[in-house]
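First the structure, in the form of structure tokens, and then the observations on it.
Please treat every number below as a calculation from the coordinates, not as lab data. Fair warning: this is a prediction, and the values are worked out from it, not measured in the lab. Neighbour counts run over all protein chains shown; Cβ positions are idealised from the backbone, glycine included.
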Amino acid sequence: MILKTTAIVLRYAPFSNTSRMVSWLSPDYGKITTTIKGSQRPKSMFLGQYDLFYTCELLFYAHEHRQSHIIRECTPLKTRDRFRQDWNACAVASYLTDLIARISPADAPHPELFELLDSGLDFLAESGATESFVFWFELRLLDRLGLTPRLQNCMDCARDLTAGVQGMGFSYARGGILCPACAREKHSSVLPLAPDILAMLRGWQRARTAQNAVTIQHTSRQVQKVSGLLGIFLGYHLDTALNSRTIAFDILKSSGSNLARNHRAAS
Ligand SMILES: [Zn+2]
């Protein structure tokens, strides 16, 4: 059966000297793996037609009982050239596609996940990478997966914590915040949560668009705290290694301190 779909390149690996296995995320078929035969031959019709982070239109032979399908045609729709020159944006795009590749089951349609990744990569390619954008994307992703962190009331006694108080806890296992009294009772899987960090998390969770999310003001200390909390939450609930996340944040952090140093040197 020949099928047609839009799809984003998540990763690829050599399959033989001249062929490649490529993983894609599509709205209609979820994550699919394809073999592109002879794609590395000098005269291959597939040369330049796909690369990491491209969104393409695919025509492929679907094999019901095989794990990998065969591509017949591939046309790039969005090439997002910034990722070939901007190291920060490339590191964040690598993290997002790695994360999606790890959590998406094969051949299970999830159009909302596709839409999130496609628009997220568009934003990155247009505006560049910041920590705020990554937090927003992660919270959006958790929401789409039905795992959104509960940030309004205590998970145990339901006390309203809208205004935030000192001594709160963040229980990554329970999936939300705890009032000071409940946080004291539960020691394992509870991390301390300061009111300003809760306010930041709420801000990124509420932001409807990436454009809104990146206008939220923050300090580097707050970024570090939020990154730590969300990293533990994601690792626990998605049950996967997040090495690409660590690399992306390290690169953003070092370019941020370079910027600050250059700024100081210039002034
Ligand atoms: Zn409580």
Pick from 90, 154, 182 the residue whose mean-square fluctuation is largest in a GNM of the chain, springs joining Cα atoms under 10 Å.
182
Cβ-placed point charges (K, R +1; D, E -1), dipole of the range 123-179 about Cα centre in debye, nearest 20:
200 debye
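Of the cross-linked pairs 4/31; 4/43; 31/78; 186/225; 43/78, which ones have a Cα-Cα span greater than 26 Å in the structure shown?
Working: 4/31 14 Å; 4/43 24 Å; 31/78 18 Å; 186/225 21 Å; 43/78 23 Å.
Among 4/31; 4/43; 31/78; 186/225; 43/78, the Cα-Cα distance tops 26 Å for no pair.
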Estimated [θ] at 222 nm from DSSP helical runs (n ≥ 4, -39500 (n - 2.57)) normalised by residues in the chain, nearest 500:
-13500 deg cm²/dmol
Highest-MSF residue in the chain out of 218, 187, 65 [GNM, Cα springs under 10 Å]:
65
May I ask for the percentage of alpha-carbon pairs in the chain that lie more than 22 Å from each other?
60 percent
How big is the dipole moment of the range 130-266 about its Cα centre under a simple scheme where the beta carbon of each Lys and Arg is +1, that of each Asp and Glu is -1, and everything else is neutral? Debye, nearest 20, please.
240 debye
Fewest-first ordering of 113, 145 by Cβ atoms within 10 Å yields 145, 113
In 10 Å bins starting at zero, report the fraction of Cα pairs in the range 92-210 per bin as a rounded %.
12, 38, 29, 19, 2
Which angle between 0 and 90 degrees, to the nearest 10, do you get for helix 220-238 versus the longest principal axis of the chain when only C-alpha atoms count?
60 degrees
The correct pair for the range 130-266, radius of gyration to one decimal and Dmax as a whole number, both in Å and from Cα atoms, is 15.6, 53
Over the chain, what is the relative contact order in whole percent, taking alpha-carbon pairs under 8 Å and six or more residues apart?
15 percent
How much of the DSSP beta bridge set in the range 130-266 is antiparallel, as a percent to the nearest 5?
90 percent
Take the Cα radius of gyration of the range 1-62 and divide it by 2.2 N^0.38 Å, with N its residue count; two decimals is plenty.
1.05
Exposure proxy check on 165, 92: fewest-to-most Cβ neighbours within 10 Å is 165, 92
Can you tell me the 0 to 90 degree angle between the C-alpha axis of helix 131-144 and the longest principal axis of the chain, rounded to 10?
80 degrees
Where only alpha carbons of the range 1-135 are counted, the Rg and the Dmax (Å):
14.5, 43
Report, in degrees rounded to the nearest 10, the 0 to 90 angle that the Cα long axis of helix 243-266 makes with the longest principal axis of the chain.
70 degrees
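How high is the FRET efficiency from residue 160 to residue 247, r the C-beta distance, R0 51 Å, rounded to 0.05? Display every interim value, and only then the final one.
On the way: r = 39 Å, r/R0 = 0.76.
Computed FRET efficiency for residue 160 and residue 247: 0.85.
So what is the diffusion coefficient of the range 62-111 in µm² per second by Stokes-Einstein at 10 °C and 1.306 mPa s, using a Kirkwood Rh over Cα pairs? Please report the intermediate quantities before stating the final value.
Details: Rh = 13.7 Å.
For these conditions, the coefficient is 116 µm²/s.
Over the range 134-196, what number does the Rg to Rh ratio reach, with both radii from the alpha-carbon atoms and Rh per Kirkwood? Walk me through the numbers on the way to the answer.
Working: Rg = 11.7 Å, Rh = 12.0 Å.
Rg divided by Rh gives 0.98.
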Most mobile of 38, 169, 146 per a Gaussian network model of the chain (Cα springs, under 10 Å)?
146
